[in-house]
Amino acid sequence: MLSAYKIFIKGMVCDRCILAVREALHELQIPVTGITLGQITTVSALSEPDMDAIREKLAPLGFTLLEDKKTKLVRDVRSLVDKVYGGSYDFPDNFKFSDIVSRTLNKDYAVISNIFSEAEGITLEKYIKEYRVEKVKELLVYSDETLSDIAFKLGYSSGAHLSRQFKDQTGLNTSHFKEIRKSKQALTHHPGHQS
C-alpha cells in the first residue's frame, strides 16, 4: 500500500473553504482521501496535468498550491521514469538510471532513493521494475513488436533478460500476453463480431 500523498494549500481558513476545495476536486474528478484546512490527501502522487488543473481551478477561489521539496522530488522522479522507460528513450552505452536521475535532479542518488521510498512506500528500484513490467504487458498486448524490440525500447539487455524479470515479477511468461493479443485479434477479425 502506497503512503498518503499530501498537497498543501495556502488560503484555506474555514469549513466553507474545505467545501469549496472538495467541490472543485470533485468537478475535476481527482480522487482524494481527505481534505483539512490547508491540506489535501490523495492515495498517490498526482500527475503534472492534474496538479496544473487543480492550480487553475483553485486560483479563482483564492487558494494557492504549496508543494514541499520532497513532494516535488517524487513527482520529478516519476516523470523521469516515465520519460526514460516510456518506450522512446535512446539508451546510451553503460546506461544507469541512477546517473541520469542524480544529474537531472542535481542530488545524490542515495538521497533521492531514500526520499522516494519514504514518500511512496516502495523502493525506486521496485517502482521502476513494476513500471517496466506494465509497459511490457502493454506492448505485448497492443503492439506487434517482438520481445527483442520491446527489450531494446525499455532498456533490457536482451529479450531473455526481459523474459526472466517479467516471469519473476508477474509469475507469468510473456507468451501469456502474446496469447491475449492473439485472442483480441481473433475477436476483432471474426466475421460475426459486432463493435
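The values are calculated or read from the model by the stated rules, or taken from the named source; none is laboratory data. These numbers were taken from a predicted model, which means no experiment stands behind them. Note that we place each Cβ from the backbone using ideal geometry, even for glycine, and neighbour counts take in every protein chain shown. Accessible surface is based on the protein model in full, side chains and every heavy atom, while ligands, DNA and RNA are left aside. Shrake-Rupley method; radii C 1.70, N 1.55, O 1.52, S 1.80 Å.
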**Prompt:** What is the gain in length, in nm to one decimal, between Asn173 and Thr146 on full extension, counting 0.36 nm per residue of separation less the C-alpha to C-alpha distance?
**Reply:** 8.3 nm
**Fill in**
In degrees rounded to 10, the 0-90 angle between helix 69-85 Cα long axis and the longest Cα principal axis of the chain is 20 degrees
**Ratio of Rg to Rh over segment 105-195 (Cα coordinates, Kirkwood Rh, two decimals)** = 1.13
**Request:** Identify which of Arg16, Arg78, Arg164 has the largest mean-square fluctuation in a Gaussian network model of the chain, with springs joining Cα atoms closer than 10 Å.
**Result:** Arg16
**Complete:** All alpha-carbon distances of the chain, grouped into 10 Å bins from 0, give the whole-percent distribution 8, 27, 26, 23, 13, 3, 0
**Request:** For the chain, report the accessible area per residue in Å² (1.4 Å probe, heavy atoms, rounded to an integer).
**Result:** 61 Å²
**Request:** Report the residues of segment 155-176 in range of a label on Ala186: point 7 Å along Cα→C-beta, backbone N strictly under 20 Å from it.
**Result:** 173-176
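For Asn114 and Leu61, compute 0.36 nm times the residue count separating them, minus their Cα-Cα distance, and round to one decimal in nm. Intermediate values should be presented prior to the final figure.
Values: separation 53, 0.36 × 53 = 19.08 nm, distance 3.61 nm.
Result for the pair: 15.5 nm of gain on full extension.
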**Fill in**
For segment 58-66, in residue order, the Karplus 3J(HN,Hα) values (coefficients 6.51, -1.76, 1.60; θ = phi - 60°; whole Hz; Gly and Pro = x) are 8, 4, x, 7, x, 10, 10, 7, 10
**Asked** Mind checking which of Leu58, Leu162, Leu80 has the largest fluctuation in a GNM of the chain, springs on alpha carbons under 10 Å?
**Response** Leu58
**Asked** Using Cα atoms only, what is the angle between the long axis of helix 109-120 and the major principal axis of the chain, expressed in degrees (0 to 90) to the nearest 10?
**Response** 70 degrees
**5 angstrom amide H check on Gln39, placed H, neighbours 5+ away** = Ile9
**Asked** Mind checking the angle between helix 159-170 and the chain's longest principal axis? C-alpha axes, 0 to 90 degrees, to the nearest 10.
**Response** 50 degrees
**Message:** Between Asp76, Asp52, Asp93, where does the largest GNM mean-square fluctuation fall for the chain, given springs only between Cα atoms within less than 10 Å?
**Reply:** Asp93
